[in-house]
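Undergrad: Shown below is the structure under consideration.
The values are calculated or read from the model by the stated rules, or taken from the named source; none is laboratory data. Predicted, not measured: the structure shown is a model, and the values here were computed from it. FYI the Cβ positions are ideal-geometry reconstructions off the backbone, even for glycines, and counts take in every protein chain you see. In case anyone asks, the SASA skips ligands and DNA or RNA and just uses the protein heavy atoms, side chains included. Shrake-Rupley method; radii C 1.70, N 1.55, O 1.52, S 1.80 Å.
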Amino acid sequence: MKPFRWIRRLGANEYVTAVGIIAVTTSVGLVLRAHLKITDIAMLFLLAVVIVGYRSRRGPSLVASLLSIAAFDFGFVPPYYTFDVHDKAYFLTFGVMFAVALVMAQLTARIREQIEDAREREHRTAALLALTRELAGAEGLDAQVSIAVRHIGLTGGGKASVLLDHLRGDGQASRWPEDGLFDSVAVRVAATWACDHGESAGWGTNHCAEAEALLVPLQSSGRSIGVVSLEPESPDRVLSLTERRTVEALVAQAAATFERTILAQGREQARLEVESERLRTALLSSLSHDLRTPLSSIEGAASSLLQDSGALSDEVQQEMAEAILQESRRMTRLVNNLLDMVRVETGDLAVQKEWQPLEEALGVALLRLEERLATHRVETRLPRDLPMVPIDELLIEQVFINLLENAAKYTPKGTTIRVSAWQGGDAVVVEVADAGPGIPTGDEEAIFRKFHRTSHVDQAGPAGGSGLGLTICRGIVAAHGGRIWLERHEGAGAAFRFTLPLQGPPLGAPPADAAA
């Protein structure tokens, strides 16, 4: 099979066709020799050379030119059927014929090459366009690799595979597939050479040609991010230069796409790490700052009770015990907020919805904050026909606690805190409004960010807290499918509204954890 393949590489069919065309032209000329002038016969041979040049490459065209001159001299220049030329003027004719034949062959060959180049570019452009369109719609590196493998395999007529980031900094292979094509040492050597030199190697090339596959490096930004292998369907298949160039163009396009995706993944990972580190730092800062005050109060009161209990009156001891209890509860709320914030940030906030009246969650929140709200007047406006809502009672209770506690913290004593609710379309709208100094203009979104604290100070003293309450509220409401925002009213005060969609499990259905 190999000798025949070598003959096909030389284009033997084109030479046979060229000889056949000159033979047919000679036969026609011999038949019409008595009726045509010798110049007409010369034109026939020039036409034959043009036809050969249009159909073949330069080699067959040159052979056709020489054969046409020999046939013209042998059959049509007296004396016939010899190569003797008695009239020296015919040498000029031979020279002109040869020159014209060469020029015509050169021009037709050039036109033919331009046509082939145009077809090659069209094919390559179509393949690149198809690959680019699919890669643009792919999500994730795995999907992009799968698309590239399919297109490269179809274009190269073989089985393609992609191996990303398989080289260490010293250029040595660090992670090869345990089985398959890369078991071959020749393929590994070709892959390493291709990545080191930034050129194709293996099948169809002059580098590491003994490898049974074509290895094309995934080059982008001056470095190799991997290698593409193309294994032929049949060992006897010949990879043309056009096919190889098209495969290399597809690999270059895929490499650019892969690099963008890898860089995007790296940026996202770096962003998550920065956010995680920022959250960790903020949590530690909040713990060290916000826990210091209640800890100091608890330590001072406990120390006084232990050391001077005999000298203290019952009333003072009672006050110190209450201070210890209040500061302990404050620490508990702070720690719970921090834990809830971690659950919101990590996506571990599990919502177990059940249909129940909204006033139950509100009532529990008011009961837990009874002491904190003792200096304020609380009004609740919940209509009797307010429908039940699908909520996680503990989480919505925490939303009420955070909003009511903020209202009590940032408003003067004796002012009114109003809690209202009504049905708006397919959701229940809840509002917690106060009569305090309100939220500064421009902070409508900032107040929902982690550790953000407003710049104003209430009339009872500096406002404390970790700055996590509203962030946790937004996370809980969003987990229920609703949203929370600041609603500005005329006059002083701040009003926070949030929605609870009336979409949940069927009425009477058991909770998700019970069903499980």
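Undergrad: Considering each residue of the range 276-319, count those that are modelled with pLDDT of 70 or more and in a helix (DSSP H, G or I), and give that number.
TA: Total satisfying the criteria: 21.
Undergrad: Give the residues of the range 117-138 that are within 12 Å of Thr257 (Cβ to Cβ) and either free of Cβ contacts under 8 Å to residues at least 12 places away in the same chain or open to solvent by 50 Å² or more (accessible area, probe 1.4 Å) (or both), sorted by residue number.
TA: Selection gives Thr132, Arg133, Glu134, Ala136, Gly137, Ala138.
Undergrad: Shifting gears a bit: Might you check whether a residue that is at pLDDT 80 or above and under 36 Å from the mean Cα position of the chain (by Cα) occurs anywhere in the range 411-422?
TA: no
Undergrad: If you scan the range 363-389, which residues turn out to be surrounded by 16 or more Cβ atoms within 10 Å (Cβ to Cβ) and either within 19 Å of Arg474 (Cβ to Cβ) or among the charged types (D, E, K, R) (or both)?
TA: Within the range 363-389, Ala365, Arg368, Arg372, Val389 qualify.
Undergrad: Right, next: So Leu395 passes all but one of these: (1) part of a helix (DSSP H, G or I); (2) over 25 Å from Asp426 (Cβ atoms). Which condition number does it fail?
TA: Going through the list (1) part of a helix (DSSP H, G or I); (2) over 25 Å from Asp426 (Cβ atoms), Leu395 breaks only (2).
Undergrad: Answer with yes or no whether Phe94 is open to solvent by 60 Å² or more (accessible area, probe 1.4 Å) and of a type in the set (Phe, Trp, Tyr).
TA: It is false that Phe94 is open to solvent by 60 Å² or more (accessible area, probe 1.4 Å) and of a type in the set (Phe, Trp, Tyr).
Undergrad: Might you let me know whether the range 43-66 holds any residue that is open to solvent by 80 Å² or more (accessible area, probe 1.4 Å), in a loop (DSSP other than H, G, I, E, B) and among the hydroxyl-bearing types (Ser, Thr, Tyr)?
TA: no
Undergrad: Further question on the same structure: Inspect the range 157-172 for any residue being open to solvent by 10 Å² or more (accessible area, probe 1.4 Å), modelled with pLDDT under 80 and of a type in the set (Gly, Ala, Ser) and give the result as yes or no.
TA: yes
Undergrad: Residues that are at pLDDT below 85, assigned to a loop (DSSP other than H, G, I, E, B), on the phi < 0 side of the Ramachandran plot and among the aliphatic types (A, V, I, L, M): does the range 180-198 have at least one?
TA: no
Undergrad: Further question: Got a number for residues in the range 471-498 being part of a helix (DSSP H, G or I) and open to solvent by 20 Å² or more (accessible area, probe 1.4 Å)?
TA: Adding up the residues that qualify gives 3.
Undergrad: What single numbered condition from (1) charged (D, E, K, R); (2) under 30 Å from Val227 (Cβ atoms); (3) without any contact (Cβ under 8 Å) to a residue 12 or more places away in the chain; (4) in a helix (DSSP H, G or I) fails to hold for Arg110?
TA: Unmet condition: (2).
Undergrad: Next question. Going through the range 393-435 one residue at a time, which ones are of a type in the set (Phe, Trp, Tyr) and either touching a helix residue (DSSP H, G or I) at 6+ places or on another chain (Cβ under 6 Å) or surrounded by fewer than 16 Cβ atoms within 10 Å (Cβ to Cβ) (or both)?
TA: Hits for the range 393-435 are Phe400, Trp422.
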